[in-house]
Amino acid sequence: MNSVILRSAAVAFASVAASLLLTLIIVPAMGFPVNRTIWLTSTLCPLVLAWAASASTFWQSDRLKSAHRDLARAHAQLAAAHRRLAEKASRDDMTGMLNRENFFATLDGSRRKSDRGALLIIDADHFKRINDNFGHLTGDDALLLIASAIERGVRSGDVLGRIGGEEFGAFLVGATEQEAKRVAERIRREVELIRFRPVDERTVPLTVSIGGTVCGENISVSDLMRAADRRLYQAKHRGRNLTILDTDIPEAA
């Protein structure tokens, strides 16, 4: 408010100065004397009118600026909230990994940018047995430990997702066959090293089976998934706690 008054006063006094200057030039030029009435008129009229008009203008301008700032702040908060909601919607509530839909969408986007990489499908072994023997809450604890082990096993920049109840996907961006084998074996080993003690200090072993495939040119996400699933099926039927990767790059259908 003080700013409005000061700015209005500055405009009013400038108007008075301009009015007096014009009066001193125009009135004598017309042959009239500059008397007291003319002085008062030249001073009071611009002072009152300019002050009132400028005060109203400055006040409205300040209100508009304040409203604009509030609107910009609200818009920024809304955008941040929208980003948080979008991020939350793309994540699995339990593990924080991408959910199935967003994992495959991200995988598809990565495949469009580059043909290099490898897909791993990681499945917890005998997980139903843990749920049946110790309950689903204990099963959730085991699942979180497995998810953390997977995160330790992959490289920075790799894409992780929970694609089923106890099934995870890992897309190893730009990985060669040898790199994919090393990462898969590191994941398997990290899970195997977990010491899971749900009750009475009794250790329950946790293991995973991993099937994987290296990306070939022009291979769709569904083809990659089928190839990795075949290797996972083989790992399960060869005794579990195994890693099997395609050594032959699948051809496009």
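Could you pull the accessible area for H126 with a 1.4 Å probe, rounded to 10 Å²?
Result for H126: roughly 80 Å² accessible.
Counting Lys and Arg as +1 and Asp and Glu as -1, what is the net charge of the other residues whose Cβ lies under 11 Å from the Cβ of L143?
-4
Taking only protein heavy atoms and a 1.4 Å probe, what accessible area per residue, in Å², does the range 169-221 have with all protein chains in place?
47 Å²
How would K113, K181, K65 rank on accessible area, largest to smallest, probe 1.4 Å?
These residues rank, largest area first, as K113, K65, K181.
At K65 and E101, where each label point lies 7 Å from the Cα along Cα→Cβ, what is the point-to-point distance in nanometres?
Between K65 and E101, the label points sit 4.6 nm apart.
Percent of Cα-Cα pairs more than 27 Å apart in the range 100-246, please.
Summing the P(r) of the range 100-246 above 27 Å gives 19 percent of all pairs.
The values are calculated or read from the model by the stated rules, or taken from the named source; none is laboratory data. On a predicted model such as this, the values are computed, not experimentally measured, just so you know. Virtual Cβ from ideal backbone geometry, glycine too; neighbours counted across all protein chains shown. Please note that ligands, DNA and RNA were not included when accessible areas were found on the heavy atoms of the full protein model with its side chains. Shrake-Rupley method; radii C 1.70, N 1.55, O 1.52, S 1.80 Å.
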